[in-house]
Amino acid sequence: MAAGSLNMAQAATDQSLRAIFRGAPIRIVAGAASNAPFRVVAAKTIRSWSDLKGKTISVGGLTDVTLYFLRVMARRNGLADQDYDLLYGGGTPNRFAQLASGAVAAAMLTNPVDFSALEQGFVDLGSVPQYLRNWAQNNILVDTRWAQQNRAAVVAFLRAHVKATGYIYDPAHRDDVIAILAKHTRATAQIAAATYDLYVNQQVIARAAGLFEDGIKANFDALVAIGDLAEPPPLTGFIDASFLAQASKQ
């Protein structure tokens, strides 16, 4: 998006904020995921957080938000940062591969891979929402250069997206959504159903594409905590709520 090869995208909040802070011509225009459905999944021999002392844990990367999630969770469970080693694995499928191979004792995973891991007997050590209740994981972004000239297209997309979120949350469509999820993630029907129920029960998908400002501010707090920012800047330079407001009226 920063280079202009994409006009719109859904992206992680922390990455989006970093890009905008550094001058990328993009803005957050709507919410997508108003929760962080990650969990720490451990090897079958691990029974508690204390068992991870001296072990290696897989996260996305040095500046990835999954490292921040791990730090928060581990500290609250009595582990100091120096009590464990890190292995940077990239995305969830790679992190689970590291866990399954025995290269790490635990990994930060998201859905539906985490459900597959638990089904295979790996150990659930807790989920991120238990520790970070206010968190906006993903948002919808626009290239401001393009959006200024194509406002009607942005508004039309957001109108369709709002309708889609309503469809997902309607209990009458549960089976249809689960079938779509199973098809495109190649998950079993059981795991797709568990993922759907989690997303609905924890309100993971932003209803009506709402902007979760407190959750975005929590990302700024994380960037300060990991040293990317000295202090949280005001949100006004990162969000343009006018597109969603227009879409919601029509």
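The values are calculated or read from the model by the stated rules, or taken from the named source; none is laboratory data. Keep in mind it's a predicted model, so treat the numbers as computed, not measured. When we count neighbours, we look across all protein chains shown, and the Cβ atoms used for this are built from the backbone with ideal geometry, even at glycine. Protein only, heavy atoms only, side chains kept; ligands, DNA and RNA dropped before computing areas. Shrake-Rupley method; radii C 1.70, N 1.55, O 1.52, S 1.80 Å.
A simple rule links phi to the HN-Hα coupling: the Karplus curve 6.51 cos²θ - 1.76 cosθ + 1.60 with θ = phi - 60°, which for the stretch 220-227 gives 4, 4, 5, 5, 5, 5, 8, x Hz, with x for Gly and Pro. With 28 Å as the cut-off, how large is the P(r) tail for the chain, expressed as percent of Cα-Cα pairs? Above the 28 Å cut-off, the chain has 37 percent of its Cα pairs. Only lysine pairs 8 or more places apart or on separate chains count here, and in the chain those with Cα atoms under 23 Å apart total 4. Mean sequence separation of contacting Cα pairs (under 8 Å, at least six apart), scaled by the length of the stretch 10-81, corresponds to a relative contact order of 24 percent.
Angle, helix 65-76 long axis vs. longest principal axis of the chain, Cα atoms, 0 to 90°, nearest 10? The answer is roughly 50 degrees.
Where q = 0.28 Å⁻¹, what log10 of I(q)/I(0) comes from the Debye formula for the stretch 186-250, counting one point per Cα? Evaluating at q = 0.28 Å⁻¹ gives log10 I(q)/I(0) of -1.13. By the helix-only formula, in which each DSSP H run with n ≥ 4 contributes -39500 (n - 2.57) and the sum is divided by residues, the chain has a 222 nm mean residue ellipticity of -13000 deg cm²/dmol. Phi-derived couplings, Karplus 6.51 cos²θ - 1.76 cosθ + 1.60 at θ = phi - 60°, listed residue by residue for the stretch 87-99: 10, 8, x, x, x, 4, x, 5, 5, 5, 4, 5, 5 Hz, with x used for Gly and Pro.
The charge dipole of the stretch 76-130, taken about its Cα centre with unit charges on the Cβ of Lys, Arg, Asp and Glu (plus for the first two, minus for the last two), comes to roughly 80 debye. The listed residues 240, 221 rank as 221, 240 when sorted by accessible area, largest first, using a 1.4 Å probe. The figure for residue 5 is an accessible area of roughly 100 square angstrom, using a 1.4 Å probe on the protein chains alone. Eigenvalues of the alpha-carbon gyration tensor of the stretch 77-208, scaled by 5 and square-rooted, set the equivalent ellipsoid semi-axes at 32, 21, 15 angstrom, largest first. Close amide H pairs (under 5 Å, H built 1.01 Å from N) link residue 86 with 57, residues at least 5 positions away or on another chain.
At each listed q (0.12, 0.18, 0.25 Å⁻¹), what is the log10 of I(q)/I(0) that the Debye formula gives for the stretch 25-107 modelled as equal alpha-carbon point scatterers? At q = 0.12, 0.18, 0.25 Å⁻¹ the computed log10 ratios are -0.37, -0.74, -1.29. Mean sequence separation of contacting Cα pairs (under 8 Å, at least six apart), scaled by the length of the chain, corresponds to a relative contact order of 32 percent. Remark: the stretch 174-187, residue by residue, has Karplus-estimated 3J(HN,Hα) of 3, 5, 5, 5, 4, 5, 5, 4, 4, 5, 8, 9, 6, 8 Hz, where x stands for each Gly or Pro and the curve is 6.51 cos²θ - 1.76 cosθ + 1.60 at θ = phi - 60°.
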